[in-house]
Every structure is written in structure tokens, then in C-alpha cells.
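Asker: Would you mind keeping the following structure in view while I ask a few things?
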Amino acid sequence: MSTCGILLAAGAGSRMGKPKALVTNADGQSWLHHGVTTLQSAGLSPVIVVLGAQAEDAVELLPTTDVVVVISDWQHGMSASLRCGLEAAMRIDDADAAAVSLVDVPDLNADTVTRIAGVGTPARNILRRAVFRGRPGHPVLIGRDHWPTLAESLTGDGGANTYLREHGVELVECSDLSSGVDVDYPEA
């Protein structure tokens, strides 16, 4: 039994002028490559990458990864991408939980992921979310028991926020490890 990773990287990045999966940091490393290797460095396996806008170009930037899912309705927002990632995770028999993160959190590090994912076998009913100075962020750990109900409840661009609040997500402060800033929504 294990924890898999889900990296959501399907958005068009309209405020950035190109898909988020194609954005690079000041050192020239793609956010996509960074996100995948960070989840892998935290011991998550497999790592599921959800691509959408210009997926064929984004695939070229990927390090070795276990599962790549291309979503055709990526323009329907984060909920469509998360649903696609959860459906891919449901096909992994030995995954008890999934740690979900976004490609546009470029200072995410393995220590933050490890704090949220924990060590050992996760509880299949767990809901845990990183917060940064009290502000909700990523990653979010979602136990397998929640996957079908969460996937069915997702709509719009709000992702899992409502579901997490309604189901008593455990909030874990992580501001001592990283900023948690979502570059696309820095004040969110």
C-alpha cells in the first residue's frame, strides 16, 4: 500500500501567456519537471501528471514519470483535471491515498510534501491539507475512500475546496518549509 502523487498541469495559463506546464523558472527548469521530481523525491509512487493545453509540448519537458494523462476538457477548470487525476489513481490497486499538487506552486519542496503525506501507510479515509500562515494551499492528501465521492462532486474551477471543508480536512502548517504561493493566484 502506498501514496501516489497527482500533479495538475492542464491549464492554459491565460494570465501567464502560455500553458502553465510550459513555464520555466529563472534557472530555466520547467515548473512541470520540478513538480514531478519533487513528488518523486518525497517518495510518492506512481506520480500521475494531468496535462491538457499544449500537452504534446509539455510531454517533452517531463522527466521519467509513471503515468501521464491528457485531458481533453481541460478548459472546464481544475475540477475536470482533478477528476481525471483521481480516476487515474483509482486504477492503481495498491494506492491508499493521493497527494495532489499544482504545477504553478514552483517553490514546493519534498519536505512539504513529506509533512503532508506522512510516513508509512496512510489511512484510506485521510484528508490533510498544507496551509501557509493559515492560508490553504498544496499539497492536499486525499485518502482512497474519498476518491469516488469527491470525483462526482467536482464542478467548475474550485477544485476540492468545498469537499475538503465539508469533510473536516486536517490543516497542517507548512510555512516553515516553503511559501506555498500559487503563482497563478498569489493571494488565494
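Asker: Determine ³J(HN,Hα), in whole Hz, for all residues of region 141-149 in sequence, where each value follows from phi through the Karplus function 6.51 cos²θ - 1.76 cosθ + 1.60 and θ = phi - 60°; x replaces Gly and Pro.
Answerer: 9, 10, x, 3, 4, 8, 4, x, 5
Asker: Considering only protein heavy atoms and a probe of 1.4 Å, how much of the accessible area of the chain is carbon and sulfur, as a whole percent? Walk me through the intermediate numbers first.
Answerer: Values: 4080 of 8300 Å².
In the chain, the share of accessible area belonging to carbon and sulfur is 49 percent.
Asker: Relative contact order for region 1-93: what percent, with Cα pairs under 8 Å and sequence separation of 6 or more? It would help to have the intermediate numbers written out before the result.
Answerer: Details: 160 pairs, mean separation 30.1, N = 93.
So the answer I get is 32 percent.
Asker: Would you list Ser79, Ser45 from the most to the least accessible area, probe 1.4 Å? Can you show the working numbers first?
Answerer: Values: Ser79 0, Ser45 65 Å².
Descending order: Ser45, Ser79.
Asker: For the chain, set up a Gaussian network in which alpha carbons nearer than 10 Å are linked by springs, and say which option among Val169, Val113, Val103 fluctuates the most.
Answerer: Val169
Asker: Let me ask something else about it. Which residue, Thr24, Thr112, Thr37, has the most motion in a Gaussian network model of the chain that connects Cα atoms within less than 10 Å?
Answerer: Top of the fluctuation ranking is Thr24.
Asker: For the chain, calculate the relative contact order in percent as a whole number, restricting contacts to Cα pairs under 8 Å that are 6 or more residues apart.
Answerer: Values: 419 pairs, mean separation 46.3, N = 188.
The value is 25 percent.
Asker: For the chain, what does the accessible surface come to per residue with a 1.4 Å probe? Please give it in Å². Walk me through the intermediate numbers first.
Answerer: Working: 8300 Å² over 188 residues.
Heavy-atom accessible area per residue stands at 44 Å².
Asker: Would you grab the residues whose amide H sits under 5 Å from the one on Arg129? Only those 5+ places off in sequence or on another chain, please, with H modelled 1.01 Å from N.
Answerer: Leu141, Glu170, Leu171, Val172
Asker: Comparing Leu171, Leu141, Leu39, which has the greatest mean-square fluctuation in the GNM of the chain with Cα pairs linked when under 10 Å apart?
Answerer: The residue with the greatest mean-square fluctuation here is Leu171.
Asker: Ignoring everything but the protein chains, give the 1.4 Å probe accessible area of Arg144 in square angstrom, nearest 10.
Answerer: Counting only protein heavy atoms, the figure is 40 Å².
Asker: Show that you can apply the helix-only estimate: for the chain, add -39,500 (n - 2.57) for every DSSP H stretch of four or more residues, divide by all residues, and state [θ] at 222 nm to the nearest 500. Numbers along the way, then the final one.
Answerer: Numbers: 6 runs with 50 residues, N = 188.
Dividing the helical sum by the residues of the chain leaves -7500 deg cm²/dmol.
Asker: Round to a whole angstrom and tell me the spacing of the C-alpha centers of region 25-58 and region 150-184.
Answerer: With region 25-58 and region 150-184 each reduced to a Cα centre, they are spaced 19 Å.
Asker: Take every DSSP beta bridge whose two residues both sit in the chain, then give the antiparallel share in percent to the nearest 5.
Answerer: Numbers: 10 of 30 bridges.
Within the chain, antiparallel bridges account for around 35 percent of the total.
Asker: Here's a follow-up. Starting from the amide H of Ala95, placed 1.01 Å from N in the peptide plane, find each other amide H under 5 Å away whose residue is 5 or more places distant or on another chain.
Answerer: Ser2
Asker: Now a separate question. Mind running the shape call on region 60-150? Use the C-alpha gyration tensor, a ≥ b ≥ c as the square roots of the eigenvalues: rounded below 1.5 for a/c, prolate if a/b tops b/c, oblate otherwise. Each step should come with its number before you reach the end.
Answerer: Details: a/c = 1.37, a/b = 1.12, b/c = 1.22.
The shape class here is rounded.
Asker: Sticking with this one: When the solvent-accessible surface of protein heavy atoms is calculated with a 1.4 angstrom probe, in what order do Arg115, Arg129 fall, highest first? Don't skip to the answer; put the middle values down first.
Answerer: Values: Arg115 85, Arg129 25 Å².
Descending order: Arg115, Arg129.
The values are calculated or read from the model by the stated rules, or taken from the named source; none is laboratory data. Everything numeric in this text was worked out from a predicted model, so none of it was measured. Heads up: the accessible areas ignore ligands, DNA and RNA and are worked out on the full protein's heavy atoms, side chains in. Shrake-Rupley method; radii C 1.70, N 1.55, O 1.52, S 1.80 Å.
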